[in-house]
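These notes are about the structure you will find just below.
Rule-based calculations on the coordinates, nothing more; no lab input. Owing to the predicted nature of the structure, the values given are computational and were not obtained by experimental measurement. Here the Cβ is made from the backbone with ideal geometry for all residues, glycine too, and neighbour counts use every protein chain on show.
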Amino acid sequence: MTYQSISKPKHRQFGKDEQLVDIYRIQSQALLAAHEFLDKEKIVQMMPIMLSPITDPLNHEVYEASIEYLGQRLQLTKSMILHKQIAIAKLDVRGIYIISPNVRLEKGIKTDRHLLEFSQLDIEVRDITGDTFRELMESLMIHIFSCVKRHCSRECEKIGVEIHTPDRPFNVYSSKKLRKQYGRDFEAIISRKESNLFWITDFDREFYDREDPNNRGSYKNYDLYYPEGYGEALSGGERDFEYPVLLRKILERGQDPNDFAPYLELAKAEQLRPSAGGGMGIERLVRFLTKRNHIRETTLFPRVPEEPISL
Ligand code: ASN
């Protein structure tokens, strides 16, 4: 058999995904707008970390994601919240932000907006109230949406979407009232009813979100939501930073203070500072801007809960 007679293997090519190129252009523009906005606000960018003895305990259970290196157990970052609080205390800056990859090996959560691995635009600003941080995030969102609208009209037309810049004021609801009104599925129900971005405040969740010292059981935290059923956009809060408060809240949540030892040591030495912040899911932002049915459509390499990862 001569070389010629061997049928030439066909050059295997991925189908070119043109829509995804337009989606990535929209994502690039959204991030460019975010960098521009945060730079003007004197909030500086830090690089992400992915390995640390401490990470966000989260408000729900996930599978363990850690590795051992030189006898030390290192967690893959679930969110950089604890490092944000430390950074804000150690650096002489107004605020910091990170484009932060997060790994959350979800247990039994399978929705159209969860990925096992995703990125958040994670921001923390020192000495501001949650109300002021929310105003800042409203301006950030309006800037992002209007830049995408201005600079990506061709891409938006190609994928058949029209960008509406959010209107101020954003509605604000208390989670406790909504729960009474709509039951435990309140977030999905109200997100389907609203037609503009809106806030829900006062969630009882992770120890680091500030509890109102004058009103125990009430929390100075907030989530930003997309309308039309797209759900959560950003999650954040004012922070607790005093050692006795943090320790009490960790114990109340049945967590082990040793899991947060280096962070608690700084708190004990009174080296943490008041701050407020939040993290915005980048794939979720892109999903809303491009009106995709499922978050998997925003990325070439989706890691979808309960699906094997092929590439
Ligand atoms: N990034 C969030 C925050 O700043 C925390 C999270 O993602 N769980 O509060």
Taking alpha-carbon centroids only, the range 39-73 lies from the range 180-250 a number of Å equal to 21 Å
Give the range of the longest stretch in the chain that excludes all chymotrypsin sites (Phe, Trp or Tyr not before Pro) found in loop regions by DSSP and having at most 12 other beta-carbon atoms within 10 Å. 15-311
Return, ordered by residue number, the residues of the range 151-180 whose backbone nitrogen is under 17 Å from a label point located 7 Å along Cα→Cβ of T129. 170, 172-174
Please report, in debye to the nearest 20, how large the charge dipole of the range 39-121 is about its Cα centre when each Lys and Arg carries +1 at its beta carbon and each Asp and Glu carries -1 there. 200 debye
Which one of I295, L264, L251 is farthest out on the positive end of the charge dipole of the range 250-304, using unit charges on Cβ (Lys, Arg +1; Asp, Glu -1) and the Cα centre as origin? I295
Which loop trypsin sites (Lys or Arg not before Pro) in the range 66-112, with loop taken from DSSP, have no more than 15 other Cβ atoms within 10 angstrom of their Cβ? R94, K107, K110
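Charges at C-beta only: +1 for Lys and Arg, -1 for Asp and Glu. How large is the resulting dipole of the range 167-237 about its Cα centre, in Debye rounded to 20?
Details: 12 positive and 13 negative charges, 62 e Å.
Dipole of the range 167-237, to the nearest 20 debye: 300 debye.
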Fewest-first ordering of D185, D92, D112 by Cβ atoms within 10 Å yields D92, D185, D112
Here, I49 and E228, labelled 7 Å along Cα→Cβ, have an inter-label distance in nm of 4.0 nm
Placing +1 on each Lys and Arg Cβ and -1 on each Asp and Glu Cβ in the chain, then taking the dipole about the Cα centre, the residue among I128, S28, P274 whose Cα reaches farthest towards the positive end is S28
Given Cβ point charges of +1 (Lys, Arg) and -1 (Asp, Glu) and nothing else, what value in debye, to the nearest 20, does the dipole of the range 12-298 about its Cα centre take? 440 debye
If I take R0 = 35 Å and measure r between the Cβ atoms of L178 and Y69 in this structure, what FRET efficiency does the formula 1/(1 + (r/R0)^6) give, to the nearest 0.05? 0.20
Are there trypsin sites (Lys or Arg not before Pro) in the range 190-298 that DSSP marks as loop and that have at most 10 other Cβ atoms within 10 Å, and which are they? R216
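Please give me, ordered by residue number, the trypsin sites (Lys or Arg not before Pro) of the range 19-70 that lie in loop per DSSP and have at most 10 other Cβ atoms within 10 Å. Present the calculation step by step, with values, prior to reporting the outcome.
Numbers: sites: R25, K40, K42; in loops: K42.
Filter output for the range 19-70: K42.
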Got a sec? Charge dipole of the chain, +1 on Cβ for Lys and Arg, -1 for Asp and Glu; which of L51, G217, P308 is way out at the positive end? P308
Where does the chain land on Rg/Rh, using Cα atoms and the Kirkwood Rh? 1.02
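Would you order C152, C147 from fewest to most other beta-carbon atoms within 10 Å of each residue's own beta-carbon? Working shown, then result.
Working: C152 23, C147 19.
So the ranking, lowest neighbour count to highest, is C147, C152.
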With θ set to phi - 60°, apply the Karplus curve 6.51 cos²θ - 1.76 cosθ + 1.60 along the range 209-226 and write out the HN-Hα couplings as whole Hz, x wherever there is a Gly or Pro. 6, 6, 8, 4, x, 8, 8, 4, x, 10, 10, 8, 10, 6, 10, 9, 10, 8
For a footprinting-style exposure proxy, rank T55, T129, T299 by other Cβ within 10 Å, fewest first. T129, T299, T55
